[in-house]
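Have a look at the structure below before the remarks.
Read-outs: derived from the displayed coordinates by stated rules, not from any lab. What you see is a predicted model, and the numbers here were worked out from it, not measured in a lab. Please note: Cβ atoms are built from the backbone with ideal geometry, for glycine as well, and neighbour counts cover all protein chains shown.
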Amino acid sequence: MTLGAGRAASARLARAGFTEPERAAAALDTPLLAPLMADDEVMGALAATADPDDALQGLRRVIAAEQTPEGLVAALREDHLLRDGLFAVLGASPALAEHLVRYPGRWRLLAAGAGVRPTAHGLRQTVLRAVGADPAGAAPVAAGAVPAAVDALRVAYRDALLGLAARDVGGALEVADVAAELADLAAATLEGALAIARAEVGEAAAGCRLAVVAMGKCGGRELNYMSDVDVVFVAEPAVHPDGSLAEEGAALRTATAMAVALMRACAVTTAAGTIWPVDAALRPEGKAGPLVRTLASHVAYYERWAKTWEFQALLKARPVAGDMDLGLAYVAAVGPMVWRAAERPDFVTDVQEMRRRVEQSLPAAESRRELKLGPGGLRDVEFAVQLLQLVHGRTDDKVRSQNTLEALEALSTYGYVGRADAAELDRAYRFLRSVEHRLQLYRLRRTHVMPDDPVELRRLGRSLGMRKAPVEELETEWRRHAREVRRLHEKLFYRPLLSSVARLASEEARLTPDAARSRLVALGYEDPVGALRHLEALTEGVSRRAAIQRTLLPVLLGWFADAPDPDGGLLAFRRLSDALGTTPWYLRLLRDEGAVAQRLAVLLASSRYAVDLLARAPEAVRLLADDEDLVPRSRSHLAGELSTSLSRHEDAESAVALARAVRRRELFRVATSDLLGVASVEQVEEALTDVAAATIEAALDVATRAVETTRGSALPTRLAIVAMGRFGGHELGYASDADVLFVHDPLPGADDRDASDAAHAVVGELRRLLAVPSPDPPLVVDANLRPEGRQGPLVRTIASYAAYYERWSHAWESQALLRAEPVAGDIELGKQFVELVDPLRYPAAGLDEADVREIRRIKARVEAERLPRGADPALHTKLGPGGLADVEWTVQLLQLRHGAGVPGLRTTRTLLALGAAAEAGLLEAAQADVLAHAWRTASRVRNAVLLVSGRPGDSVPTDLREMSGVARVLGYPPGAAGVMVEDYRRATRRGRAVVDGVFYR
Amino acid sequence: MDKQQEFVLRTLEEREIRFVRLWFTDVLGYLKSVAVAPAELEGAFDEGIGFDGSAIEGFARVYESDMLAKPDPSSFQILPWRSESPGTARMFCDILMPDGTPSYADPRQVLKRTLAKAAERGFAFYTHPEIEFFLFSGAPTQGQPPVPVDQGGYFDHIAHGTGHDFRREAITMLESMGISVEFSHHEGAPGQQEIDLRYADALSTADNIMTFRHVMKQVALSQGVYASFMPKPLTDHPGSGMHTHLSLFEGERNAFYEAGAKYQLSKVARSFIAGLLNHAGEITAVTNQWVNSYKRLSGGGEAPAYVSWGHNNRSALVRVPMYKPAKGQSTRVELRSPDSACNPYLAFAVILAAGLKGIEEGYDLPDGAEDDVWSLTDGERQAMGLAPLPASLSEAIRAMESSELVAETLGEHVFDFFLRNKRAEWADYRRQVTAFELDRYLSVL
């Protein structure tokens, strides 16, 4: 060939789709191939393959391997079926090309007339003959040496694969047919391996009957090119000719040896390669159980021990090799149990768990390119279909197919799944399986990962018939189908529920009310009748709202089902929808902002408190749209917002009402960030404190203004509010009172009496305004910690405080003052107050023994007396052993004794002081950790109780529903309420042990 | 409905059983029973039978709603007492929360949990108890010392003795309920019997002990005598212990056996024993739970009062029985502190936990004691590092209070209840003016 001709050839090859035309041209430049190249038909066929370069290189090697290649070359020009088939295989599978090279002449398997689809029976005969066994025998035995038979099995397997691949890639087969034929081939191969196993075991083989039952994809006749083949072995002693039974122990030993030999015959790598691993791990007790069991032993296991997922696996059981009667008896015995699985008491929990497993499979980044396990992958479809089969197959045998696509079709035909959804899923599943097939065919490797190399993607795309822009087309198609699959639960589980209530104009079969109820129960709804009623109310009619809700509900139902109280969530959603349904932004928000709907669902189905707050002000739903909005607002932010809006209100009552509405909105914000796990307990309590402080500050401003208006002059005194107790410690709960002290200081020259009257008027007005009845949650301002308690004046001058503390102060008052922190009013006066009380709460000389004794005595008394009647001390978060009071008193005693010397102790916050105490060596770091953990645990439980029930409660709930709700809010998985209580008890028991060691001695 | 359940229902019909007793055990080890008619049983298998937990010691306050007793069909047995006609059967139950999760208050669950922990490490726990008890004439009368049915001694065979007949009938009855008896004989004290149950997994053994106690009382009743498992009913005679042989298996293999090691004890066995010794004090309140238990434990004789182990030493807390050649599978250790009135579920749980702890932490086993621990002087014992076991319920409570091991094992709920109950028992006991005091002081002071 001339140089010019070479260049022309390259150009022609490049146009034909070769990526390495020079290399191709060089390869073609042989006496045998050159004439082929001239043939446009041949070249066209080559160019049409998935990878023309691979195909050409393969062809070159196949021809080179032939002793008389002329025959092949001639055949290629004449037999276009052979040509198409051979080129298709060579372009799609270098692994099979290797087989052709290795075994010259095998190309004849693809010649015209050879490309007929074999039956399962035919495959069995072919494989058995290949290992020298008689297919007609009841128990065929391989002939000759075992290693030779093992090699022959491999060759026979690859030969059959070759024919299948040619028809598959050539486009003659539907993906489901490919999968079915692969399963038939696997069955034939298992039969061949069993024949080898019989030869290996020898005469003893006659002493047992062994059945090989396929599970998984092989059982469902939906196998891949390359995957483990799941099987279960069943054996029985053989019946002797005289009718007696062989000894069972010996029979089982033989059967086990045969099973082992069978698995080895398939999996072992010899010079002829390997086939696939046989996986028997789905057997009873998994890998720990005996490999082979008798039928009775299998049955006994499934009756007593099996888990729900094991029944799910059994759904696909199908006898494929060995003693067919025994295999059928096995399926007949365990088959019915599959359909009783849904009656098992833990079925609902198991289903939930399996469902979560589907959803959470492989969260890691690499999972994004997983065809099988990634989100929107094959297993999603398979799992979901199987679950629906378990739920509905119990009462309807029409949906009991072993094959995923057939089952999906049946579920759709009989109304368990929407027709359009089923069709779409069917397409997605077929697409994903085709991709998987081509991917695995290439090297005959077990892979499910979509390549990211463009060359590989191009080949893959072309093998699927995408010609113009294979890479882009493939990616787009894949993403589209995966997206459809990801919305699977909505489609398969929930949308059909609507069809049972909604009067949709469609001829489609509907889910019957009975089926809808059993499905709702399986999904975790306790009152399916009520749920269907709500669904009906939410979806009926032709309004835009009903239309949008029909789209939203299938998704929401799933989210409710994942939360502690699905029924409550649905009811709350219905109420919210009644309140807001006509508000334009509401539905838009839910429809367009995915996160909002999900967050809303979590709140509604977890927290009465959030539901109640929303009921009063549904528009707060808007907060859910933006992550920024879930971050609790700072004190200064709130103060700014309040002061600008309050200045617009002349009337004191409406001004404070506004402040309280702002507070309500902020409470919802905090509750939301708490429920969604965004905020820690410290952050939640800090935020609640800020909200209370800002509200009180605003109320103080309004009250001052009102009093000044009445008086007609400015106040003759400076006024400050000092936070005490948990309020002072920045540790408020959702329903805590705000403990405060009021202090004032008459301006120079003012009349003391007048100043005091004015201060009292302001404080009185403040308390009145905050207590005006309103639907907003009340903020109780409690001043009972003031000197002389309720007998004492509500407001005192700073001088009066000084005089009082100088003369009368008790140890417990010093202790209470540890929490004092100015929160509103005159800043200077607040500072003065702090200066006044510092020497009291951090006495330079520490505490004398009498004071220490007094504090311990009071504490011991409080423990005994304050606990409400009938309360279990061990579960009381506030007063129980190791509870909040225990930890706080322990810390406070350390503060009183050592605060003067250890600056870190001079804080109003429990955890900070605890840390400082540990740092100063006042208790061991480990002890401080135990106390901090107990304190946090008790605080979190107390907050969660309120969130769940909407009512304040100091005890770990003993009502199981509430207990479960609290556990879920605290982040425990479903069904772990008992674990939560145990953890609580443990944390507080250990806390108490430290309190005993630190506080009481 | 599975086959086991079907079997139960079919048997009820065939044998004309009118009542089924559902058995479970409270935290203190008392057997509780709910009788249901066969018709209700089907529902009980599915959902359990609701009952008011607040009436049962240690069950109250886990939650307010009813608890569920769910019968275990594999424990189905027809009760063989002749007096019961028409027939009665029994099943043991697991106690569940209303949502179907296991209750933390159920002693059976405590043991199951601990066994599961052992199983995670590949161990199965087997026990074999030697249960001692007394036969007295007639029912107990307040204030009167009990009268033994005979004056026999260890291994005495008393012709026509009540004890002999009693043991024969009792054993027949046990065997008919599927409980295998290894051995039985007259024990050292008058009226005292010993019956050894064949070794079995700890859960079955605990179930069997509960059945055993009930059967003994029934048989005694039918013979006009009274069977008591009180640890020390007679001041001047030894009390009733429940020496328990313990072994761990890994699959088919006895994990305590190592050919050629000293006493054929494997490293696992040595660490297990070390665990028992190390935590002996903490678990005593559970293995010996009554005020009266300590009258036996501190009363000398064969009861162990000091933490020690020895090869075939009957005064040691842990005895390693004489090794029988070619019986590697039977290698075991014997813990001699438990008494017959313990809650077997809780006792086995803490014993196993202590031993496992020893294995986990790889405790070293100190040298064994070869002397009779009782015959040593206090000084000698101190020199040899032999710590005393708690000498009273009060001491035992104190040792248990600070035990993370026992808290972890029993679970916080049972731990808390148990301690509260035992503190109350001790307080009640302390305020008693006893016969001892009256006898000794009234006439002279």
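Packing here is the average count of other Cβ atoms within 10 Å per residue, and on that basis the peptides A:734-744, B:414-424, A:445-455, highest first, run A:734-744, B:414-424, A:445-455. Note down the Stokes-Einstein diffusion coefficient of the range B:263-352 in µm²/s, whole number, using a Kirkwood radius over alpha carbon pairs, 20 °C, and 1.002 mPa s. So the translational diffusion coefficient is about 157 µm²/s. Taking 0.36 nm per residue of separation and subtracting the current Cα-Cα distance, fully stretching the chain between A:Glu865 and A:Arg445 would add 143.9 nm. The relative contact order of the range B:187-252 comes to 24 percent, based on Cα pairs under 8 Å that sit 6 or more residues apart.
Our analysis of the range A:1-133 gives Rg over Rh at 1.03, with the two radii drawn from alpha carbon positions and Rh computed by the Kirkwood formula.
Spatially, the range A:863-893 and the range B:346-373 are offset by 37 Å when compared through their Cα centroids.
Based only on other Cβ atoms within 10 Å, what is the fewest-to-most ordering of A:Val231, A:Val684? Don't jump to the answer; show the numbers that get you there.
Numbers: A:Val231 29, A:Val684 24.
Ranked by crowding around the Cβ, least crowded first: A:Val684, A:Val231.
Which of these, B:Ala37, B:Ala391, B:Ala341, has the largest mean-square fluctuation under a Gaussian network model of chain B (Cα springs below 10 Å)? Greatest mean-square fluctuation among the candidates belongs to B:Ala37.
Quote the charge dipole size of the range A:586-720 about the Cα centre in Debye, to the nearest 20; the model charges only the Cβ of Lys and Arg (+1) and of Asp and Glu (-1).
340 debye
Annotation: the residues B:Ser240, A:Ser774, sorted from fewest to most other C-beta atoms within 10 Å of their own C-beta, follow the order A:Ser774, B:Ser240. Net length available on complete extension from A:Arg467 to A:Ser654 is 60.2 nm, with 0.36 nm assigned per residue and the Cα-Cα distance removed. In terms of other Cβ atoms within 10 Å, B:Asp367, A:Asp177 run from fewest to most in the order B:Asp367, A:Asp177.
Enter the per residue convex hull volume of the range A:841-893, computed from alpha-carbon coordinates, in Å³ rounded to the nearest integer.
Cα convex hull per residue, to the nearest whole number: 68 Å³.
The mean sequence separation of alpha-carbon pairs under 8 Å and at least six residues apart, normalised by the residue count of chain A, gives a relative contact order of 6 percent. Rg and Dmax of the protein assembly as shown, based on Cα coordinates, read 40.4, 138 Å. Centre-to-centre, using Cα atoms only, the range A:177-201 and the range A:910-968 are separated by 62 Å.
Three semi-axes describe the equivalent ellipsoid of the range A:90-161; taken as square roots of 5 times the Cα gyration tensor eigenvalues and ordered largest first, they are 24, 16, 9 Å.
Working from label points 7 Å from Cα in the Cα-to-Cβ sense, the A:Arg753 to A:Ser643 distance is 3.6 nm. Considering only A:Phe727, A:Val471, A:His744, the residue lying farthest towards the positive end of the dipole of chain A is A:Val471, judged by Cα position with unit charges set on Cβ. For the protein assembly as shown, the Cβ-based charge dipole about the Cα centre amounts to some 1680 debye (Lys, Arg positive; Asp, Glu negative; other atoms uncharged). Which of A:Gly249, A:Gly192, A:Ser227 sits closest to the plus end of the dipole of the range A:186-268, meaning its Cα is farthest towards the positive end, when Lys and Arg get +1 and Asp and Glu get -1 on the C-beta? The residue sitting most towards the positive pole is A:Ser227. Take each residue in A:985-992, count the other chain C-beta atoms within 10 Å of its C-beta, and the mean is 3. Inter-part distance, the range A:25-69 to the range A:515-568, computed on C-alpha centroids, equals 62 Å. Please say if the range A:179-329 is rounded, prolate or oblate, where rounded means a/c under 1.5 for a ≥ b ≥ c the square roots of the C-alpha gyration tensor eigenvalues, and otherwise the choice is prolate for a/b larger than b/c and oblate otherwise? Because a/c hits 1.5 or more and a/b fails to exceed b/c, the range A:179-329 counts as oblate. The mean sequence distance of close C-alpha pairs (under 8 Å, at least 6 residues apart), as a share of the length of chain B, puts its relative contact order at 15 percent.
What the Cα convex hull of the range B:112-245 gives, in volume per residue, is 114 Å³. Quick check: net charge around A:Leu153, other residues with Cβ under 15 Å of its Cβ, Lys/Arg +1 and Asp/Glu -1? In short, +2.
If you plug the beta carbon distance of B:Lys267 and B:Ala383 into 1/(1 + (r/R0)^6) with R0 = 25 Å, you get a FRET efficiency near 0.35.
Shielding value for A:975-984 is 4, the average number of Cβ atoms from other chains within 10 Å of each residue's Cβ. The packing ranking, built from the mean of other Cβ atoms within 10 Å per residue, places the peptides A:48-59, A:71-82, A:858-869 in the order A:48-59, A:71-82, A:858-869, highest first.
Local charge for A:Thr413 was computed over the other residues whose Cβ lies under 9 Å away, with Lys and Arg +1 and Asp and Glu -1, and equals +1. In this Cβ point-charge picture (+1 for Lys and Arg, -1 for Asp and Glu), the range B:247-332 has a dipole of about 240 debye about its Cα centre.
Toward the positive end of the charge dipole of chain A, with +1 on the Cβ of Lys and Arg and -1 on the Cβ of Asp and Glu, the farthest Cα among A:Ala860, A:Leu109, A:Leu390 is that of A:Leu109.
Size check on chain B: the Cα extents along the three principal axes, sorted descending, read 66, 58, 47 Å. The helix-only estimate of mean residue ellipticity at 222 nm for chain B, built from DSSP H runs of length n ≥ 4 each weighted as -39500 (n - 2.57), is -11000 deg cm²/dmol after division by the residue total. Shielding value for B:407-413 is 4, the average number of Cβ atoms from other chains within 10 Å of each residue's Cβ.
The listed peptides A:155-163, B:213-221, ordered by packing as a protection proxy, come out as A:155-163, B:213-221 (highest mean of other Cβ atoms within 10 Å first).
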